[in-house]
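Right, one structure below, let's go through it.
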Amino acid sequence: MRQVLAGLTLFLGATFAVAQSAPVPADSSQAVHSDSSDTHTRDEVWRPITTEAGVEISYLFYEEGNGANDGVVVRLVNTNDHSVTYRFQMLFKAGERREEASVSTGTLAAGELRTGSMSDLWWVPFEAGETITEVGMRGLRVERVAI
């Protein structure tokens with residue numbers, strides 16, 4: 001599935017996308033990344049990726065996310081009235097360089113919102129100042145927790 005979001009082309013699946021334009025710094029100018037901040041709930045700064053089995057998945061692009069290199073943070077919102085498990089892997093491309101993040105897994109309680117580095121949903125994939133031009137997601141699974 002292909003979506004063009006805030007200057008990045010995102011593919012759900014194992015294929016990288018071709019970027020439509022440079023990333024839009026305005027994505028991150030309205031919020032500061034902090035696990036203790038209420039900026040995580042400000043919907044206007046988040047770009048939707050997809051909704052899977054009642055879990056809304058969105059991202060925020062950070063130009064110079066760690067002070068020098070681009071970063072991406074993902075937000076998961078469980079809109080279900082039951083807990084779910086999730087699993088996925090983020091993929092990044094900068095020019096000819098590709099980087100695969102480790103697989104992200106976890107459990108979300110009913111109505112829970114999770115994001116940020118304390119939840120392992122924050123990545124700075126390149127450390128040499130490269131600009132992230134493509135973002136992908138592979139192996140997305142969301143399943144209801146059996147009672």
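Taken together, the values in this text are just the output of simple stated rules run on the coordinates, not laboratory data. Keep in mind that what you see is a predicted model, and the values were worked out from it rather than measured. Methodologically, a virtual Cβ is constructed for each residue, glycine included, from the backbone with ideal geometry; neighbour enumeration extends over all protein chains shown.
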Length gained when the stretch Ala109-Gln89 is fully extended (0.36 nm per residue, less Cα-Cα span): 5.1 nm
Share, in percent, of DSSP beta bridges within the range 58-143 that are antiparallel, nearest 5: 100 percent
Long-range HN-HN contacts of Arg98 with modeled amide H, under 5 Å: none
Local electrostatic count, Ala94, Cβ distance below 12 Å [Lys/Arg +1, Asp/Glu -1]: -3
